[in-house]
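Undergrad: Take a look at the following structure, please.
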Amino acid sequence: MSSYNLETKCVQSGYEPKKGEPRVVPIYQSTTFKYDTSEQMGRLFDLEDAGYFYTRLQNPTNDAVAAKICDLEGGVAAMLTSSGQAASFYAIMNIAQAGDHIVCASAVYGGTYNLYAHTIKKMGVDATFVDPDCSEEELNAAFRDNTKAVFGETIANPALVVLDIEKFANAAHAHGVPLIIDNTFATPINCRPFEWGADIVTHSTTKYMDGHAAAVGGAIVDSGNFDWSAHADKFPGLTTPDETYHGIVYTEKFGKGAYITKATAQLMRDLGSIQSPQNAFLLNIGLETLHLRVPRHCENALKVAKYLKNHEKVAWVNTPALEGDKYYELAQKYMPNGTCGVITFGLKGGREASVKMMDSLKMVAIVTHVADARSCVLHPASHTHRQMNDQELLEAGVQPDLIRFSVGIENADDIIADVDQALAQV
Ligand SMILES: *Cc1c(COP(=O)(O)O)cnc(C)c1O
């Protein structure tokens with residue numbers, strides 16, 4: 001980890017050109033890499049030497065950008081994935097297999113819920129979803145002998161529940177398993193979960209990190225803090241020989257790099273969800289201004305939230321940034337400098353009024369996206385979460401009339417003016 005401040009890391013980390021090399025991280029638009037002898041290449045396939053041979057496993061552009069994200073989070077190793085979904089999938093499947101179990105906060109992104117509740121279940125991994133506000137006793141009761149990880153989001157999309165990271169970290173560690181945090185909404189600018197006991201961090205880099213809605217991508221970062229060997233019986237994939245690499249043991253050979261090395265050498269090799277180097281290049285440009293954009297998103301979101309709060313047609317406004325919000329205190333603890341640019345609200349006219357208001361917006365667009373420079377809205381019950389019934393929606397913290405408003409970095413007065421004229425149509 002470099003000693004620079006976050007702002008400097010956003011701009012400088014991950015890539016240091018030598019004499020005469022390109023100043024900007026180049027796009028290594030190459031599937032493969034050249035060697036002089038068969039022996040040299042063979043050593044790469046045995047994980048005896050570090051190096052590039054095929055972009056499905058590793059690419060220098062991706063590694064430079066992953067190193068920047070790693071530095072921002074304060075981790076020891078990181079990798080890029082083709083999407084946030086791939087990151088959430090790999091983060092679990094790197095340490096769980098058929099017959100295992102995970103504990104997950106119930107307020108999570110809809111795609112993550114589907115992945116953990118349904119898709120990995122078909123692969124034999126069960127999930128128990130717990131109310132993020134549950135007591136320590138309730139949380140502890142969710143664990144089983146075969147539990148391998150705990151998962152939650154710093155700020156849940158779209159419920160905007162702030163996770164008590166320390167509470168979840170303590171419970172995970174008491175049961176000898178790591179805490180994995182999806183830090184997409186907070187970004188390392190506002191929260192660094194490793195500082196609160198999280199062991200692994202995942203990202204949908206598609207959101208604020210890219211910030212321009214240009215490229216889908218994901219990332220996994222390892223803090224290096226979880227001692228896999230101390231719980232060797234739970235994590236045989238990391239602590240016993242991998243026959244597909246002549247019996248190497250990841251924890252013995254790679255130490256703190258074991259988790260990311262295994263995810264790259266085994267999961268990426270076999271499942272192949274690498275981020276394209278082109279997308280990694282775009283992501284890196286986004287990262288260079290992350291520290292400038294995130295505070296502006298937060299500032300604008302607070303202005304819009306305050307405007308909505310005072311509007312007669314608005315039933316409720318939800319953002320942990322607003323004093324009086326249920327999660328305000330937790331947000332102050334974990335994210336004293338700001339939360340995120342996403343807020344939610346509902347109208348007194350209910351679901352129908354919400355849809356009418358959205359349809360009347362002129363600048364703010366209806367898109368299946370959050371967290372990019374342009375303001376946008378979405379109605380989760382009709383869009384991202386439409387596979388859930390009302391009960392599941394409420395458990396995920398999503399009211400049926402909820403509008404998710406991703407406040408962009410335009411002039412706040414223009415955003416408010418658009419919302420104002422749309423509310424007048426309702
Ligand atoms: C969007 C999102 C994901 C999924 O990421 P993709 O890049 O769309 O695959 C995961 N977690 C959170 C919090 C998200 O907002």
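Undergrad: Give me the percent of Cα-Cα pairs in segment 11-160 that sit more than 18 Å apart, rounded to a whole number.
TA: On the way: 7729 of 11175 pairs.
The proportion of pairs with Cα distances above 18 Å equals 69 percent.
Undergrad: Going by alpha carbons, how many degrees (0 to 90, nearest 10) lie between the helix axis of 290-309 and the longest principal axis of the chain?
TA: Between the helix axis and the principal axis of the chain, the angle is about 30 degrees.
Undergrad: Counting C-alpha atoms alone, how compact is the chain: give Rg to one decimal and Dmax as a whole number, in angstrom.
TA: Cα radius of gyration and Dmax of the chain are 21.8, 74 Å respectively.
Undergrad: Given segment 147-294, what percent of its DSSP beta bridges are antiparallel, to the nearest 5?
TA: Details: 7 of 14 bridges.
Of all bridge pairs located within segment 147-294, approximately 50 percent are antiparallel.
Undergrad: If I ignore ligands, DNA and RNA and count only protein heavy atoms, how much of His246 is accessible to a 1.4 Å probe, in Å² to the nearest 10?
TA: 150
Undergrad: Evaluate the distance, in nm, between pseudo-label points positioned 7 Å from the Cα of Asn411 and of Lys18 along their respective Cα→Cβ axes.
TA: Taking the simple label geometry, Asn411 and Lys18 are separated by 5.0 nm.
Undergrad: Give the carbon-plus-sulfur fraction of the accessible surface of segment 6-286 in %, rounded to a whole number; probe 1.4 Å, heavy atoms of protein chains only.
TA: Working: 5450 of 10760 Å².
Roughly 51 percent of what the probe reaches on segment 6-286 is carbon or sulfur.
Undergrad: Which net charge results when you count Lys and Arg as +1 and Asp and Glu as -1 among the other residues whose beta-carbon is under 15 Å from that of Asp390? Numbers along the way, then the final one.
TA: Numbers: positive: Arg351, Arg386; negative: Glu392, Glu395, Asp401.
Taking every other residue near Asp390 into account, the sum is -1.
Undergrad: Mind putting together the pair-distance distribution for segment 293-423? All Cα pairs, 5 Å bins, whole percent per bin, short to long.
TA: P(r) over segment 293-423, rounded to whole percents: 2, 11, 20, 25, 21, 14, 5, 1.
Undergrad: Roughly how many Å is it from the Cα centre of segment 31-107 to that of segment 238-317, as a whole number?
TA: 12
Undergrad: Between Arg386 and Gln97, 0.36 nm times their residue separation minus their Cα-Cα distance comes to what? Write down the numbers at each step before the final one.
TA: Numbers: separation 289, 0.36 × 289 = 104.04 nm, distance 2.90 nm.
Between Arg386 and Gln97, full extension yields 101.1 nm more.
Undergrad: I would also like to ask the following. With an 8 Å cut-off on Cα pairs and a minimum separation of 6 or more residues, tell me the relative contact order of the chain in percent.
TA: Details: 863 pairs, mean separation 70.8, N = 426.
Normalised by residue count, the contact order of the chain is 17 percent.
Undergrad: Further question on the same structure: Just read off the accessible area of Glu39 with the full protein assembly in place, 1.4 Å probe, to the nearest 10 Å².
TA: Its heavy atoms expose roughly 120 Å² to the probe.
Undergrad: Leaving out ligands and nucleic acids, note down the accessible area per residue over segment 6-286 with a 1.4 angstrom probe, in whole Å². Don't jump to the answer; show the numbers that get you there.
TA: On the way: 10760 Å² over 281 residues.
Heavy-atom SASA per residue in segment 6-286 reads 38 Å².
Undergrad: Could you do me a favour and compute the accessible area per residue for segment 293-423, 1.4 Å probe, result in Å²?
TA: Details: 5700 Å² over 131 residues.
Result: 44 Å² of accessible area for each residue.
Undergrad: Right, another one. If you line up the long axis of helix 277-287 against the longest principal axis of the chain, both from Cα atoms, how many degrees apart are they, to the nearest 10?
TA: 50
Undergrad: For the pair His369 and Asn5, what calculated FRET efficiency results from E = 1/(1 + (r/R0)^6), where r is the Cβ-Cβ distance and R0 = 22 Å, to the nearest 0.05? Numbers along the way, then the final one.
TA: On the way: r = 30 Å, r/R0 = 1.35.
Here the calculated transfer efficiency is 0.15.
Undergrad: Also, quick follow-up: Any idea what angle helix 165-174 forms with the longest principal axis of the chain, computed on alpha-carbon atoms, 0 to 90 degrees, nearest 10?
TA: Long axis of 165-174 versus the principal axis of the chain: about 40 degrees.
Undergrad: How much solvent-accessible surface does Asp414 expose, in Å² to the nearest 10, with a 1.4 Å probe and all protein chains in place?
TA: Asp414 exposes around 90 Å² with every protein chain in place.
Undergrad: At a Förster radius of 22 Å, what calculated FRET efficiency corresponds to the Cβ-Cβ distance of Asp131 and Gln332, to the nearest 0.05?
TA: 0.55
Undergrad: Checking the cross-link filter: which lysines have an alpha carbon closer than 26 Å to that of Lys18, excluding same-chain neighbours under 8 positions apart?
TA: Leaving aside lysines fewer than 8 places away in the same chain, those within reach of Lys18 are Lys9, Lys34, Lys68.
Undergrad: Give the cross-link partners of Lys333 among the lysines, using a straight C-alpha distance below 23 Å as the criterion and excluding same-chain residues fewer than 8 apart.
TA: Result set, ordered by chain and number: Lys167, Lys303, Lys306.
Undergrad: Aspartates and glutamates near Lys309 by alpha-carbon distance under 18 Å, same-chain residues fewer than 8 away left out - which ones?
TA: Glu299, Glu323, Asp325, Asp401, Asp413, Asp414, Asp418, Asp420
Undergrad: Sticking with this structure for a sec: Quick one: of the DSSP bridges fully inside the chain, what percent are antiparallel, nearest 5?
TA: Values: 24 of 42 bridges.
DSSP beta bridges in the chain are roughly 55 percent antiparallel.
The values are calculated or read from the model by the stated rules, or taken from the named source; none is laboratory data. Quick caveat: nothing in here was measured; it's all calculated off a predicted structure. Neighbour counts run over all protein chains shown; Cβ positions are idealised from the backbone, glycine included. The protein model used for the area step is the full one, side chains on, heavy atoms only, and it has no ligands, DNA or RNA in it. Shrake-Rupley method; radii C 1.70, N 1.55, O 1.52, S 1.80 Å.
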